[in-house]
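Reading through the structure tokens given below for one structure.
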Amino acid sequence: MRVKCVICDKIESIENESFLAKRLRNRPIHTYTCQTCHDRITERTKERLATGKFRINKPEQNEDDW
């Protein structure tokens, strides 16, 4: 399967039977990023987290007494 990175427009091939290919086919909201872009985003996110000014807003989990 041929996929295109949404950030740098690099075209790559992935195996048709892989989990990533299945996820991209069945759920169009999922997007593909190449490994270099993914690593760059991860690195910059870690740098922002280290400054202490960046927070990831996680939804509150309410415990049900069901």
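Might you let me know whether the stretch 41-48 holds any residue that is β-branched (Val, Ile, Thr), exposed (fewer than 10 other Cβ atoms within 10 Å of the Cβ) and at pLDDT below 90?
Looking for residues that are β-branched (Val, Ile, Thr), exposed (fewer than 10 other Cβ atoms within 10 Å of the Cβ) and at pLDDT below 90, one finds none in the stretch 41-48, hence no.
A quick yes/no check of all residues on (1) loosely packed, with under 10 Cβ neighbours inside 10 Å; (2) modelled with pLDDT under 90; (3) among the hydrophobic types (A, V, I, L, M, F, W, C):
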residue: Cys5; (1), (2), (3): no, no, yes
residue: Cys8; (1), (2), (3): no, no, yes
residue: Phe19; (1), (2), (3): yes, no, yes
residue: Thr36; (1), (2), (3): no, no, no
residue: Phe54; (1), (2), (3): no, yes, yes
residue: Pro59; (1), (2), (3): yes, yes, no
residue: Glu63; (1), (2), (3): yes, yes, no
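Taking the residues in the stretch 5-23 that are hydrophobic (A, V, I, L, M, F, W, C) and part of a loop (DSSP other than H, G, I, E, B) as candidates, determine which candidate is nearest to Ile41 (Cα to Cα).
Pass one, the stretch 5-23, residues hydrophobic (A, V, I, L, M, F, W, C): 5-8, 11, 14, 19-21.
Then keep just the ones that are part of a loop (DSSP other than H, G, I, E, B); that gives 5-8, 14.
Values: Cys5: 13, Val6: 13, Ile7: 11, Cys8: 12, Ile14: 21 Å.
So the residue we want is Ile7.
Name the single residue that is farthest from Asp9 (Cα to Cα) among those in the stretch 24-62 being outside any loop (DSSP other than H, G, I, E, B) and among the hydroxyl-bearing types (Ser, Thr, Tyr). Spell out how you get there, then give the answer.
Kept after step one, since they are outside any loop (DSSP other than H, G, I, E, B), are these residues of the stretch 24-62: 24-26, 35-51.
In the following step, the residues that additionally are among the hydroxyl-bearing types (Ser, Thr, Tyr) were identified as 36, 42, 45, 51.
Values: Thr36: 12, Thr42: 19, Thr45: 21, Thr51: 31 Å.
The extreme case among them is Thr51.
The values are calculated or read from the model by the stated rules, or taken from the named source; none is laboratory data. Everything quoted here is computed from the prediction, not taken from an experiment. Backbone-built Cβ (ideal geometry, glycine too); neighbour counts: all protein chains shown.
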